[in-house]
Amino acid sequence: MPLVCLKDFKAHAQERLSKSSWDFIEGVADEGITRDENIAAFKKIRLRPRYLRDVSEVDTRTAVQGEEISAPIGISPTAFHGMFWPDGEVSTARAAQAAGICYITSTFASCTLEDIVASAPRGLRWFQLYVQSDWQLNKQLIQRVESLGFKALVITVDAPIIGKRREDIRNQFDLMKSLQLKNLRPPTERNSVPCTQSPPISTSFCWDHLSWIQSITQLPIILKGILTKEDAELAVEHNVRGLIVSNHGGRQLDEVPASIDALSEVVTAVKGKIEVYLDGGVRTGTDVLKALALGAKCIFLGRPILWGLAYKGEDGVEEVLNILKNEFHTSMALIGCRSVAEINRDLIQFSRL
């Protein structure tokens, strides 16, 4: 039986993974309220289609940070793809390149950055940075990814410490003991670093440090994890080039707003000065359209990518991306939009239910 929507991949992925690996994908902070609301909040938005328009040609292409992509869909940074498929991030990168979209590679990738780049040399890649307490290591990582051709630096800001993930605690972190961090040492030092020996994420990283990072790289800096107008305004003041509205998939602080609910506040605050993206809760092509109508330039996909990877590696990820792209194309045609530029706030309304 063919898989026809993103949700179909979830059950197949669960069948193929150990309980601890599955819990790592689906893990949430505390009661999981935010994770569930990320999805549910999209369903409170209704569409207002416009008819009698020529939709014989629909163009889903757009651009992020000046780079063209085939659709406003990208891959969020998620860790340790090697747990879910032998080739790990190499498979993910190849699928992203084939789909013509942006892939944000995690600091905690299973594969080396060099191997990821070599596997998909034409792909558009951004690098996600967990700022480490070792500032020399941060400098080495940033300059390394810039030399490898990554096009942006995505700094995760919502994880100075790790949220309480109950299933990880119940599993006694046994999964983590064997994980290796291949990118927290220079490429000449090929031995991986076990998680338990890795430098800690900085708990003191703050706005004042952004100028130092900007001084050592030409890469545009994007902040991932922004949810409020106050932080969005500070980001503009600090010459950040983009924001990803995200709550870490509900894995950090529980009971914060769903990403789609926080989007308008952030978009309004930046006043069009920088690009705003969304991560969290997207499961259908109409979800993509709703996010764009509320001002997102692009959405990024997390868990469904890992479902596809666990199901069938590179082919599974590409299948997930193609299904979502096709659904988005269909939604555009049925709502009366011929290009991404025609998607606007007038096409949606909030349900009273």
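The values are calculated or read from the model by the stated rules, or taken from the named source; none is laboratory data. All values reported here derive from a predicted model rather than from experimental measurement. Methodologically, a virtual Cβ is constructed for each residue, glycine included, from the backbone with ideal geometry; neighbour enumeration extends over all protein chains shown. What goes into the accessible areas is simple: the full protein's heavy atoms, side chains included, and nothing from ligands, DNA or RNA. Shrake-Rupley method; radii C 1.70, N 1.55, O 1.52, S 1.80 Å.
Straight-line cross-link reach from K182 at under 20 Å between alpha-carbon atoms covers these aspartates and glutamates, not counting any fewer than eight positions away in the same chain: D87, E89, E114, D115, D134, E146, D174. Computed from Cα positions, the angle between helix 259-270 and the longest principal axis of the chain comes to roughly 90 degrees.
Roughly what % of DSSP beta bridges within the chain run antiparallel, to the nearest 5?
25 percent
Computed from the C-beta positions of N326 and Q172, the FRET efficiency with R₀ = 35 Å rounds to 0.25.
What percentage of the solvent-accessible surface of the stretch 199-353, computed with a 1.4 Å probe over protein heavy atoms, is contributed by carbon and sulfur atoms? The nonpolar share, carbon plus sulfur, comes to 49 percent.
Counting only protein heavy atoms and a 1.4 Å probe, the stretch 215-353 has 37 square angstrom of accessible area per residue. With each label modelled as a point 7 angstrom along the Cα→C-beta vector, the V55-S264 pair spans 2.3 nm. Calculated mean residue ellipticity, 222 nm, the chain: -11500 deg cm²/dmol, from DSSP H runs (n ≥ 4) at -39500 (n - 2.57) each, averaged per residue and rounded to 500.
Do you know the relative contact order of the stretch 80-127, to the nearest whole percent, from alpha carbon pairs under 8 angstrom that are 6+ apart? The partial results should precede the final answer.
Numbers: 63 pairs, mean separation 21.5, N = 48.
Rounded, it is 45 percent for the stretch 80-127.
Amide H contacts under 5 Å for C298: L278, restricted to partners 5 or more places along the chain or on a different chain, H placed in the peptide plane at 1.01 Å from N. Summarising the amide proton neighbourhood of W126: residues at separation of 5 or more, or on other chains, whose placed amide H is nearer than 5 Å comprise Y103, I104, T105, K151.
Extension gain for R345 to I33 (0.36 nm times residue separation, less C-alpha to C-alpha distance): 109.6 nm.
What is the stretch 197-353 by shape, rounded, prolate or oblate, if you read a ≥ b ≥ c off the alpha carbon gyration tensor as root eigenvalues and call it rounded for a/c under 1.5, prolate for a/b larger than b/c, and oblate otherwise?
Here the stretch 197-353 falls in the oblate category.
Fully extending the segment from S211 to E114 would add 32.2 nm, taking 0.36 nm per residue of separation and subtracting the current Cα-Cα distance. Which angle between 0 and 90 degrees, to the nearest 10, do you get for helix 303-335 versus the longest principal axis of the chain when only C-alpha atoms count? Compared with the principal axis, the helix lies near 20 degrees.
Just the number, please: percent antiparallel of the DSSP beta bridges in the stretch 14-154, rounded to the nearest 5.
25 percent
Separation of the alpha carbons by more than 29 angstrom is noted, of K10/K43; K139/K224; K229/K312; K151/K325; K44/K271, for K229/K312.
Please report the relative contact order for the stretch 236-353, taking Cα pairs under 8 Å with a sequence separation of at least 6, and give it as a percent rounded to a whole number.
Once normalised by length, the contact order is 23 percent.
Were the residues from K164 through L47 laid out at 0.36 nm apart, the gain over their Cα-Cα distance would be 38.5 nm. Equivalent ellipsoid of the stretch 1-75: semi-axes from √(5λ) of the C-alpha gyration tensor, largest first, are 32, 18, 17 Å.
Could you work out which residue, out of L52, L309, L321, moves most in a Gaussian network model of the chain, that is, has the largest mean-square fluctuation with Cα springs under 10 Å? Its mean-square fluctuation being the largest, the pick is L52. In the chain the Cα-Cα distances spread across 10 Å bins starting at 0 as 5, 25, 37, 25, 7, 1, 0 percent of all pairs.
Taking all Cα pairs closer than 8 Å and separated by 6 or more residues, the relative contact order of the chain comes to 28 percent. When each of the peptides 88-95, 66-73 is scored by how many other beta carbons lie within 10 Å of its residues on average, the order from highest to lowest is 88-95, 66-73.
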